[in-house]
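For reference, the structure discussed in these notes is given below.
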């Protein structure tokens with residue numbers, strides 16, 4: 001049985017400060033061929049506002065993130081759509097853990113609780129988690145999706161940025 005190609009490629013490299021993991025690319029991201037491309041998604045603005053990037057990047061520039069010590073992946077590399085549409089289709093926690101272990105970032109940050117629950121196999125709260133995944137410290141952050149605006153809180157993102165930036169250079 002062949003494995004379908006990923007909807008969007010991982011952006012991973014050795015020594016990153018933080019890798020962000022979403023559930024799966026949304027419909028607008030699939031159309032654009034770029035992460036977090038939905039018009040209501042605050043991912044790129046949030047990276048800039050919390051100081052993880054010194055400039056405001058646009059979705060089409062996602063491949064530049066390693067310049068700033070940042071990587072991207074999803075718990076499902078074969079599904080796309082909203083969290084509700086994706087459900088748990090394509091969730092592959094073993095693949096995620098292996099990818100994180102290979103890249104060895106200091107931090108793995110889930111952009112929303114759905115991806116974190118899928119990877120950790122338990123209910124989660126925002127902030128740091130007691131376990132490590134692939135050797136990385138695990139964080140759960142409020143989703144930047146426009147659909148999750150009612151749960152938005154930049155505080156955990158600021159905490160992650162302060163911790164990640166306290167390490168010297170891209171790890």
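Bear in mind that the values in this text are calculations on the coordinates, not laboratory data. All values reported here derive from a predicted model rather than from experimental measurement. For neighbour counting, all protein chains shown are included, and Cβ atoms are generated from backbone atoms with ideal geometry for every residue, glycine included.
Data for the structure
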read-out	value
Separation in nanometres of the label points that stand 7 Å from Cα toward Cβ, at residue 78 and residue 132	3.0
Contour minus Cα-Cα distance for residue 147 and residue 67 (0.36 nm per residue)	25.9 nm
The chain: relative contact order as a whole-number percent, Cα under 8 Å and 6+ apart	28
Residue 154 versus residue 55: modelled label distance in nm, points set 7 Å from Cα along the beta carbon direction	2.1
Extension gain (nm, one decimal) between residue 125 and residue 31, 0.36 nm per residue minus Cα-Cα	30.7 nm
The chain, helix-only ellipticity at 222 nm - DSSP H runs n ≥ 4, -39,500 (n - 2.57), divided by all residues, nearest 500	-7500 deg cm²/dmol
C-alpha center-to-center spacing [segment 15-36, segment 100-119] in angstrom	12
The chain: antiparallel DSSP beta bridges as a percent of all, rounded to 5	30
